[in-house]
Amino acid sequence: MASRSGQPSLMVHGGAWNIPAELEADCRAGCARALQTGWQILAQGGSAIDAVEAAIVVLEEDPVFDAGVGSHLNADGVVQMDAILMDGETLNAGAVAAVEHIRNPIRAARCILEKGPHILLAGTGAERFAAACGIPLCEPSELIVPREKQRWEALRKQGQLRTTPERPGSTVGAVARDAQGRIAAGTSTGGTFGKHPGRIGDSPLVGCGCYADSESAAASATGWGESIMKIVMAKMAVDLVRAGLSPAAAALRSVHRLAERVQGSGGLILLDRLGRIGAAFNTPHMVYGYVAADGSLVVHT
Ligand code: ASP
């Protein structure tokens, strides 16, 4: 059997959307910090799954992104978050949906992945599971930042408090390959602004907002979840790599399909079992970054 060892590889994103100019520098800095954290783990021989989880925790803690602290508010003015972590070696995944009391939903996803037997837990059941794993629960108010509160209040006054496909957000994600050739992917989000309470998007669904298979590739998607779910976009991208496309070509093809078949908007990052990377989006911007071959951090918006 051919050796699977080799160079580690890491990519992160902070959402495909119309990033306002005043948030661009913060989005870039946040992605750079997440890359540094994940890369430190990979460079020391750590696992892809640890690197993905750690990078996403950094992004969840950064208030500029729509994940963890800083998440968008739903129609009730409440934060409800979704997250998933998938291990490409085993195809095991752990995911949470519509949680309100977990500061780092990706940690709860990791716990579900490891403890089994379930893959996706929602709401209070997910929170109970996380608490039993030793993850402290938080006050929902801890997750709300002034920017999001003001936006919600302003739109409510204007009678515009509804979710629209033009307003996806700064969902976060990461994909990694470690030095042993294992790959993993994760995605975390507060979901779309003004969504109906209880709405669950593509992000925590295996194959939609995230997929990883060490035999082919790992993907994390972002954008209008109701469209991404219809084409099962992350799995589509991974299957295109399995069929022989490069990650760059597979990412492009998947985003074209999103636009053509369901008129969806969004993007994705993709990394194959050899560590080659790809990214594509059809929104005005997507913030994403990777660690280049010389070890430097590259971030695009
Ligand atoms: N895909 C996320 C959702 O629909 C939103 C996003 O990526 O911005 O919940």
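Only the coordinates and a few stated rules stand behind these numbers; no lab work does. Keep in mind that this is a model prediction, so the values were computed, not measured. All Cβ positions, glycine included, derive from the backbone under ideal geometry; neighbour counts span all protein chains shown.
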### Message
Within a 10 angstrom radius of the beta carbon, how do 141, 246, 214, 265 rank from fewest other beta carbons to most?
### Response
141, 246, 214, 265
## Note on the structure
Output ordering of 170-178, 269-277, 125-133, 151-159 (per-residue mean of other Cβ within 10 Å, highest first) is 170-178, 269-277, 125-133, 151-159
### Message
If N is the number of residues in the range 144-301, what value comes out of its Cα radius of gyration divided by 2.2 N^0.38 Å?
### Response
1.08
### Message
For the chain, give me every cysteine whose Cβ has no other Cys Cβ within less than 4.7 Å, ordered by residue number.
### Response
27, 31, 138, 208, 210
#### Entry: Ranking of 87, 213, 239, 294 by count of other Cβ atoms within 10 Å, fewest first
294, 239, 213, 87
### Residue order, fewest to most surrounding Cβ atoms within 10 angstrom, among 112, 41
41, 112
### Task
Compute the distance in nm between two label points, each set 7 Å from the Cα along the Cα-to-Cβ direction, one at residue 145 and one at residue 118.
3.0
### Query
Residues with amide H under 5 Å of residue 122's amide H, sequence separation 5 or more or different chain, H placed in the peptide plane at 1.01 Å from N; which?
97
#### Entry: At q = 0.13 Å⁻¹, base-10 log of I(q)/I(0) for the chain (Debye sum, equal scatterers on each alpha carbon)
-0.77
### Summary
Hull surface over four for the Cα convex hull of the range 7-63, reported in nm², is 4.0
### Task
Would you mind calculating the gained length between residue 158 and residue 18 on full extension (0.36 nm times residue separation, minus the Cα-Cα distance), in nm to one decimal?
48.3 nm
### Query
In whole angstrom, how far apart do the alpha carbon centroids of the range 34-85 and the range 124-147 sit?
14
### Summary
Answer in debye to the nearest 20: the dipole magnitude of the chain about its Cα centre, from +1 Lys/Arg and -1 Asp/Glu charges placed on Cβ, is 520
### Query
³J(HN,Hα) across the range 183-199 via Karplus (A = 6.51, B = -1.76, C = 1.60, θ = phi - 60°), whole Hz, x for Gly/Pro?
10, 8, 9, x, 9, 9, 7, x, x, 7, 4, x, 4, 5, x, x, 5
### Query
Restricting attention to the alpha-carbon atoms of the range 2-149, what are Rg (one decimal) and Dmax (integer), both in Å?
15.9, 54
### Query
Per the Cauchy relation, a quarter of the hull surface: what is the mean projected area of the convex hull of the alpha carbons in the range 183-267, in nm²?
5.2
### Task
Enumerate the calculated ³J(HN,Hα) couplings along the range 22-27 in order (Karplus 6.51 cos²θ - 1.76 cosθ + 1.60, θ = phi - 60°), each rounded to whole Hz, writing x wherever the residue is Gly or Pro.
6, 9, 4, 5, 5, 4
